[in-house]
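Chemist: Quick one: structure below, then a few questions.
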Amino acid sequence: MIERERELDTFIIRYIFHILDSNKKTEYSINIDRKTVVLQPENDSKPAWAKLEDHQCENCPFNKKEQPLCPIAKNLADVTDCFKDEFSYAPVKVVVETEERSYFRNASLQEGLFSIFGIIMATSGCPHLDFLKPMGRYHLPFSTVDETLFRSTASFLLGQYIFNEKDTKDDKKRYGLKPLFAHYAEVSKVNRGIIARINSIANKDADKNAIVILENFAQIISMEINSNLESLEYLFVNHDT
């Protein structure tokens, strides 16, 4: 486990991939600013496929004069390039080390990449994914759909509570999940853009399928929000409110 050092400006999440068939072992350290929850890349990767105009997302808020590279693609570059020749179903052992605890899982490569892609994308500084930064701060590797749904909605409503309570000019408190539904619609557009980028350089399917899993999660969460979180109701039956 990574030793906790509160005085540091960044916290570290370390992913260690061990592809069992080829005995290939790769390690990635993700450094994230404690206050801004924005990833601080160790390498200044500038691959051609990370240029902003290369399969630019339809909802991209940047222009290439001010932002020549897509921040998500730039930060995904090292991981994507490493696994672009791997199949999604390759068996892997993945260890994730954080300050608080370590996680371990035997999985397919696409499941491991889904987890690391999620934290990188959420903390890369794309405005459409900024609402995910609180979950990035308390990253849960290999999360299920139900866990992601619970954490995403709880995080979003907590944010609404914090900012509503600070707003002393308006006595009417506003809470709801409609904005979260809209956020996930924008996430889907970003996911499609990143898939198009990866398709342009990947020889096999591990990287692409990891983003496809993220997109499936986004779609399912959107449907759950649209159904008023019916799948979570059982958790709160007979609870005092």
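Chemist: Any residue in the stretch 43-64 that is on the phi > 0 side of the Ramachandran plot sitting within a Cβ distance under 9 Å of a residue that is in a loop (DSSP other than H, G, I, E, B) and not hydrophobic (A, V, I, L, M, F, W, C)? List the pairs, counting only those 6 or more apart or interchain.
Modeler: H55/S200
Chemist: I'd like to check something: does the stretch 169-184 contain any residue that is under 30 Å from C82 (Cα atoms), without any contact (Cβ under 8 Å) to a residue 12 or more places away in the chain, open to solvent by 30 Å² or more (accessible area, probe 1.4 Å) and in a helix (DSSP H, G or I)?
Modeler: No: the stretch 169-184 contains no residue that is under 30 Å from C82 (Cα atoms), without any contact (Cβ under 8 Å) to a residue 12 or more places away in the chain, open to solvent by 30 Å² or more (accessible area, probe 1.4 Å) and in a helix (DSSP H, G or I).
Chemist: Scan the stretch 109-122 and tell me whether some residue there is assigned to a loop (DSSP other than H, G, I, E, B) and open to solvent by less than 50 Å² (accessible area, probe 1.4 Å).
Modeler: Here is the first cut: in the stretch 109-122, the ones assigned to a loop (DSSP other than H, G, I, E, B) are none.
The answer is no, given that none of the residues of the stretch 109-122 is assigned to a loop (DSSP other than H, G, I, E, B) and open to solvent by less than 50 Å² (accessible area, probe 1.4 Å).
Chemist: A further question follows. Give the residues of the stretch 109-165 that are over 30 Å from D44 (Cα atoms), in contact (Cβ under 8 Å) with a residue 12 or more places away in the chain and not aliphatic (A, V, I, L, M), sorted by residue number.
Modeler: Scanning the stretch 109-165 gives D146, T148, F150, R151, S152, T153, S155, F156, G159, Q160, Y161.
Chemist: For D78, work out the one condition from (1) in a loop (DSSP other than H, G, I, E, B); (2) within 24 Å of N203 (Cβ to Cβ) it doesn't fulfil.
Modeler: With respect to (1) in a loop (DSSP other than H, G, I, E, B); (2) within 24 Å of N203 (Cβ to Cβ), D78 is out only on (1).
Chemist: If you don't mind, there's one more thing I want to ask. For the stretch 47-79, which positions are closer than 21 Å to I195 by Cβ and basic (K, R)?
Modeler: K51, K64, K74
Yes/no matrix, rows are residues, columns are (1) closer than 30 Å to K51 by Cα; (2) at pLDDT below 95; (3) open to solvent by less than 20 Å² (accessible area, probe 1.4 Å); (4) not aliphatic (A, V, I, L, M):
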{"position": "A202", "(1), (2), (3), (4)": "yes, yes, no, no"}
{"position": "K208", "(1), (2), (3), (4)": "yes, yes, no, yes"}
{"position": "I213", "(1), (2), (3), (4)": "yes, yes, no, no"}
{"position": "Y234", "(1), (2), (3), (4)": "no, yes, no, yes"}
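Chemist: Follow-up question, since we're still on this one. Hey, N59 hits all of (1) modelled with pLDDT of 95 or more; (2) open to solvent by 70 Å² or more (accessible area, probe 1.4 Å) but one; which does it fall short on?
Modeler: N59 satisfies every listed condition except (2).
Chemist: Take the residues of the stretch 134-165 that are hydroxyl-bearing (S, T, Y) and not in a helix (DSSP H, G or I): which is least open to solvent (accessible area, probe 1.4 Å)?
Modeler: S143
Chemist: Is there a residue being open to solvent by 30 Å² or more (accessible area, probe 1.4 Å), within 25 Å of K208 (Cβ to Cβ), aromatic (F, W, Y) and touching a residue at least 40 places away in the same chain (Cβ under 8 Å) anywhere in the stretch 91-104?
Modeler: no
Chemist: Hey, another quick one. Name the residue that is surrounded by the fewest Cβ atoms within 10 Å (Cβ to Cβ), counting only residues in the stretch 215-232 that are within 20 Å of S143 (Cα to Cα) and free of Cβ contacts under 8 Å to residues at least 60 places away in the same chain.
Modeler: Residue satisfying both the conditions and the ranking: E230.
The values are calculated or read from the model by the stated rules, or taken from the named source; none is laboratory data. Everything numeric here is computed off the predicted structure, so don't read it as measured data. Neighbour counts run over all protein chains shown; Cβ positions are idealised from the backbone, glycine included. Accessible surface is based on the protein model in full, side chains and every heavy atom, while ligands, DNA and RNA are left aside. Shrake-Rupley method; radii C 1.70, N 1.55, O 1.52, S 1.80 Å.
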